[in-house]
Amino acid sequence: MNKKMGDIDAPFVSVIVPVYNDAERLGTCLGALEAQTYPAESYEVIVVDNNSDEEIEDVAQASSHAVYEFEEKQGSYAARNRGLHRAQGNIFAFTDADCIPTGRWIEAGAQCLYSTDADYIGGPVEIFVSDSEDPSPAGLFDALVSFRQHDNLEQKGFSATANLFTTRDVMQSVGKFDDRLKGGGDREWGRRAAQNGFEASFCKEAKVRHPARESISELVQKAQRVATGRFKEEDFKRRSWLEVLLYVLNQLRPPLGLAHEIMKLACSKSKRVQVLWVCMVVRWARASQILRLWLSSTSDSFLSP
């Protein structure tokens, strides 16, 4: 706590990176974390192998800042909790193996926490496509809608764990992530933090970059994962059939605000139509997953003695 970082002390930061079968992009992430402007002796990187089939430990050991942990229970929130158990820092920073932190990421995040009244902060997650000249409709859609960090923090009180900073004291008060969730655990943690009176803030200087999901199958998998988390978090199984039906019908309705944004994209009219179609596929995937889980839970209750 006595090392200087500009005008404030540089507290020790533990960066927690869960990974599952993504060794190549993990290597890129760790390379970016090696090149941080933050004092080298004032941070560690905890790579949590979430029971991968790939050789994650070798990638972690190639980084001078990284330590390797293993979590058998699959699920990114279980992996993050394992990282918290190992962490030595006064600040906890979270990102994902497929993210590329900018050079001032740790420095900016730590400064925001210590120079504002915020108890936890999130920064931009900038989506980039692999082919900027001819991006796929799925990639354009993902870049448009994913990781709206500013809105999520200001309106909903949570930050995606792709770019989240908080302190040890806050984490101890709020508790760890709900490792029963496969998606939406960041939203659920933010809800608990807000209920405990903790304040969130957006830090525009603490940036990470994230590759767009450029296939419909990837977007559908994400939508189903997030829907499963939301089903558990919001206790959909206790909702009436009418409430679930209204949710499904709402998802089938074209989102006028988002459709307007899609129609303003800098691409051909035919590609904008394809992006709108991707939007509807994703919304249906989310709604059908909620409906499937609700029907399954209802059937279980009917069959119970």
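The values are calculated or read from the model by the stated rules, or taken from the named source; none is laboratory data. Fair warning: this is a prediction, and the values are worked out from it, not measured in the lab. Note that we place each Cβ from the backbone using ideal geometry, even for glycine, and neighbour counts take in every protein chain shown. Protein only, heavy atoms only, side chains kept; ligands, DNA and RNA dropped before computing areas. Shrake-Rupley method; radii C 1.70, N 1.55, O 1.52, S 1.80 Å.
A few points about this structure:
- Under the span-like rule (Cα at least 20 Å along the axis, Kyte-Doolittle mean at least -1.0), DSSP H helices of the chain: 216-233, 269-303
- Theoretical ellipticity at 222 nm over the chain - DSSP helices of four or more residues, -39500 (n - 2.57) apiece, nearest 500: -14500 deg cm²/dmol
- Label sites at MET263 and GLN88, each approximated as a point 7 angstrom past Cα along Cα to Cβ, lie 5.7 nm apart.
- Net charge dipole, the stretch 48-206: roughly 840 debye, given to the nearest 20, about the Cα centre with Cβ charges of +1 for Lys and Arg and -1 for Asp and Glu.
- Put simply, the amide H of VAL15, placed in the peptide plane, has neighbours under 5 Å in GLU44, VAL45, ILE46, ALA93, leaving out anything fewer than 5 places away on its chain.
- In the stretch 17-91, the convex hull through the Cα atoms has an average projected area of 4.7 nm², a quarter of its surface area.
- Rolling a 1.4 Å probe across the protein heavy atoms gives the chain an accessible surface of 48 Å² per residue.
- The rule of thumb for compact globular proteins, 2.2 N^0.38 Å, goes into the C-alpha radius of gyration of the chain 1.04 times.
- Accessible surface of the chain [probe 1.4 Å, protein heavy atoms]: carbon and sulfur percent: 50 percent
- With Cα atoms as the point set, the radius of gyration and Dmax of the stretch 59-112 evaluate to 12.4, 34 Å.
- Restricting attention to the chain, lysine pairs at least eight places apart or on different chains and with alpha-carbon atoms under 23 angstrom apart total 22.
- Cβ charges +1 (Lys, Arg) and -1 (Asp, Glu), total dipole of the chain, debye: 1460 debye
- Taking the chain as a Gaussian network of alpha-carbon nodes connected by springs under 10 Å, the highest mean-square fluctuation of the residues ASP142, ASP96, ASP151 belongs to ASP151.
- The eigenvalues of the Cα gyration tensor, multiplied by 5 and square-rooted, give the stretch 22-162 an equivalent ellipsoid with semi-axes of 24, 21, 16 Å from largest to smallest.
- Here the label points at ASP169 and LYS204, each 7 Å from Cα along the C-beta direction, are separated by 2.9 nm in the simple model.
- In a DSSP loop and with at most 14 other Cβ atoms within 10 Å, the trypsin sites (Lys or Arg not before Pro) in the stretch 215-272 are LYS264.
- Between ARG238 and ASP151, the modelled label-to-label distance comes to 2.9 nm, taking each label 7 Å out from Cα in the direction of the beta carbon.
- Amide H contacts of GLU126 (H built 1.01 Å from N, in plane; Pro and chain starts excluded): VAL208, ARG209, HIS210 sit under 5 Å, all sequence-distant by 5 or more or on other chains.
- Alpha carbon Rg of the stretch 145-244, scaled by the compact-globule rule 2.2 N^0.38 Å: 1.18
- Rounded to 5, the percent of DSSP beta bridges in the chain classed as antiparallel: 30 percent
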